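The values are calculated or read from the model by the stated rules, or taken from the named source; none is laboratory data. Because the structure is a prediction, the values reported are computed rather than measured. Backbone-built Cβ (ideal geometry, glycine too); neighbour counts: all protein chains shown. Accessible surface areas use protein heavy atoms only, side chains included; no ligands, DNA or RNA. Shrake-Rupley method; radii C 1.70, N 1.55, O 1.52, S 1.80 Å.
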Amino acid sequence: MGVLNVTPDSFSDGGRFLGERAAVDRGLAMADEGADIVDVGGESTRPGSEAVQVSEEMERIVPVIERLAAHLPVPISVDTRRAEVARTALDAGAVIVNDVSAGRDPDMFDVVRDRGAGYVLMHMLGEPMTMQHEPRYDDVVAEVSEYLRERIEAAGLAGIDTERVAVDPGIGFGKTVEHNLSLLRHVEAFAALDRPVLYGPSRKRFIGSLLGGADENDRLEGTLGTVSWLAARGVHVVRVHDVLEVHRALTLVDAIARAT
């Protein structure tokens, strides 16, 4: 899953693809580089970020999704936690909703159900503005897993076909370095939910911390190591900025896994 942030303030690529033409060109390039899904977002959910108006979020992404849908050979997902934005994006050509709030908007489940969309349920502790303020868990793997199990059940009760649902433990969304490492180490806990598993470790702060303070533009090697670990353990989707490099790394992981 290639990350396409149509935002001025995302932690890694904020402002690079804010213009419609630049965003469309990048989306098409990611498909050429090996992305199987292009994930378009118009609101940064980095730690400390503030919410944007629904109208502004839609103004950023809808023209991009419309243009990509006419030319892109792979599915488009919309990265949003708002039902109104999701509905408009799906009507514009997206087919998946990537929801960092796992349905906190009371209308989100209805939108996903009525449009027959794919749906990613992610765990986030609190809100982006405050989620990194001393996050605490008694057992992060068990608590995140149970939360996702409950959200799958809630989606099913709302009439969503759970065969269309994937889960994301939410690396960096209200977690310390140690929490993130535990979630990465124990992939099997999320595979046990019997739904496709998605991780989004790309260029995250924990990688910089483990690499001596590397900034977000110097975390490629750490991202490649992390996604290779995940792929080798059966994770279905990795959400990344560096599509070409990750695709090459995972081509090797796949070849090794298939060798006799």
- [ ] For the range 126-148, name all the residues that are open to solvent by 30 Å² or more (accessible area, probe 1.4 Å) and either closer than 28 Å to I76 by Cβ or of a type in the set (V, I, T) (or both).
- [x] E127, M129, T130, Y147
- [ ] Any chance you could count how many residues in the range 1-21 are modelled with pLDDT of 60 or more and either assigned to a loop (DSSP other than H, G, I, E, B) or open to solvent by less than 40 Å² (accessible area, probe 1.4 Å) (or both)?
- [x] 11
TODO: Kindly indicate which of L211, L193 is at pLDDT 95 or above, in contact with a helix residue (DSSP H, G or I) (Cβ under 9 Å, 6 or more places away or on another chain) and either closer than 20 Å to R248 by Cα or open to solvent by 40 Å² or more (accessible area, probe 1.4 Å) (or both).
DONE: L211
Open item on the list: Just to verify a result, which residue in the range 214-260, among those that are among the basic types (K, R), farther than 21 Å from H186 by Cα and surrounded by fewer than 18 Cβ atoms within 10 Å (Cβ to Cβ), is farthest from the chain's Cα centre (by Cα)?
Closed with: R258
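Could you list, in sequence order, the residues of the range 149-169 that are in a loop (DSSP other than H, G, I, E, B) and under 21 Å from V95 (Cα atoms)? Explain how you work it out, then say what you get.
Taking the range 149-169 and keeping what is in a loop (DSSP other than H, G, I, E, B), we get 158-161, 169.
Those that are in a loop (DSSP other than H, G, I, E, B) and under 21 Å from V95 (Cα atoms): A158, G159, I160, D161.
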Open item on the list: Of the residues A51, A69, only one is open to solvent by 10 Å² or more (accessible area, probe 1.4 Å), among the aliphatic types (A, V, I, L, M) and over 18 Å from the mean Cα position of the chain (by Cα); which?
Closed with: A69
Open item on the list: Going through A255, A231 one at a time, which residue ends up being assigned to a helix (DSSP H, G or I), among the small types (G, A, S) and in contact (Cβ under 8 Å) with a residue 12 or more places away in the chain?
Closed with: A231
Open item on the list: For the range 72-93, which positions are surrounded by 21 or more Cβ atoms within 10 Å (Cβ to Cβ) and under 21 Å from H241 (Cβ atoms)?
Closed with: I76, S77, V78, D79, T80, R81, A89
Open item on the list: From the list R164, R203, exactly one residue is within 17 Å of the chain's Cα centre (by Cα), within 20 Å of H241 (Cβ to Cβ) and not acidic (D, E). Which is it?
Closed with: R203
TODO: Please identify the pairs in which a residue from the range 193-216 that is on the phi > 0 side of the Ramachandran plot has its Cβ atom under 9 Å from the Cβ atom of a residue that is among the aromatic types (F, W, Y), counting only partners at least 6 apart or on another chain.
DONE: R203/F11
Task: Pick from the range 219-260, criterion of a type outside the set (A, V, I, L, M, F, W, C) and touching an Asp or Glu at 6+ places or on another chain (Cβ under 8 Å), ranking: nearest to G34 (Cα to Cα) - done: H247
Open item on the list: Against the conditions (1) out of contact with any Ser or Thr (no Cβ under 7 Å at 6 or more places or on another chain); (2) modelled with pLDDT of 95 or more; (3) open to solvent by 30 Å² or more (accessible area, probe 1.4 Å), where does V177 fall short? Just the number, please.
Closed with: (1)
- [ ] Of the conditions (1) part of a helix (DSSP H, G or I); (2) crowded, with 20+ Cβ neighbours inside 10 Å; (3) in contact with a strand residue (DSSP E or B) (Cβ under 9 Å, 6 or more places away or on another chain), L28 clears all except one; give me its number.
- [x] (2)
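Yes or no: the range 131-143 includes at least one residue that is charged (D, E, K, R), at pLDDT below 95 and more than 27 Å from G93 (Cα to Cα).
Within the range 131-143, one or more residues are charged (D, E, K, R), at pLDDT below 95 and more than 27 Å from G93 (Cα to Cα).
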Open item on the list: With the structure loaded, tell me whether R185 is more than 23 Å from N5 (Cβ to Cβ), touching a Leu at 6+ places or on another chain (Cβ under 9 Å) and open to solvent by 40 Å² or more (accessible area, probe 1.4 Å) or whether it fails that test.
Closed with: no
